[in-house]
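One structure is given below, encoded as structure tokens.
Values quoted throughout were computed directly from the atomic coordinates according to the rules given, and no laboratory measurement underlies them. Because the structure is predicted, anything quoted here is derived from the model rather than measured. Note that we place each Cβ from the backbone using ideal geometry, even for glycine, and neighbour counts take in every protein chain shown.
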Amino acid sequence: MIFRTKEIPRTVLDPLVSRKVLPASENLMLVEVHFKKGGIGSPHAHAGHDQISYVLSGRFEAIIGNETKILEKGDGFVADKTVLHGLTALEDSVVLDVFTPIRKDFL
């Protein structure tokens, strides 16, 4: 399957955060999340889904478990099923989230 992200519309989650749910396989999903400066992905955990996040652009303050770090382009994190994680955009930024299994609640 080939897809072009520029042809996939964004879903606005709030005035500072939007996401593009990219085509997924049966067990693997990519989600591009766009943050304007100050946008927040509130700390949370999601039992049932493993997540890897990769910063495509910008800078975030990230909470991963009991650590708080600054993440920049090329950085990322792994959050297994019960790991608390959240992001605050320090500038306009984009993160690519990878989930397994897929997040049916996003479809």
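For the reader, a short list of remarks on this structure follows.
- Structure note, pairs Lys36/Lys81; Lys37/Lys104; Lys20/Lys104; Lys6/Lys69; Lys6/Lys36: Cα-Cα distances above 21 angstrom occur for Lys36/Lys81; Lys37/Lys104; Lys6/Lys69.
- Peptides 77-87, 20-30 ordered by average Cβ neighbours within 10 Å, highest first: 77-87, 20-30
- With K and R counted +1 and D and E -1, the other residues having a Cβ less than 9 Å from that of Glu32 yield a net charge of +2.
- Near Ser42: Cβ cut-off under 13 Å, other residues only, Lys/Arg at +1 and Asp/Glu at -1. The net charge is -2.
- Dimensionless Rg/Rh of the chain - Kirkwood Rh, Rg from C-alpha atoms: 0.94
- Charge sum, other residues only, whose C-beta stays under 11 Å from Val83's C-beta, Lys/Arg counted +1 and Asp/Glu -1: -2
- Overall shape of segment 8-56 was characterised from the C-alpha gyration tensor. The equivalent ellipsoid obtained from it has semi-axes of 20, 15, 10 Å, in decreasing order.
- Taken about its Cα centre, segment 28-107 carries a charge dipole of about 120 debye when Lys and Arg each add +1 at the Cβ and Asp and Glu each add -1 at the Cβ.
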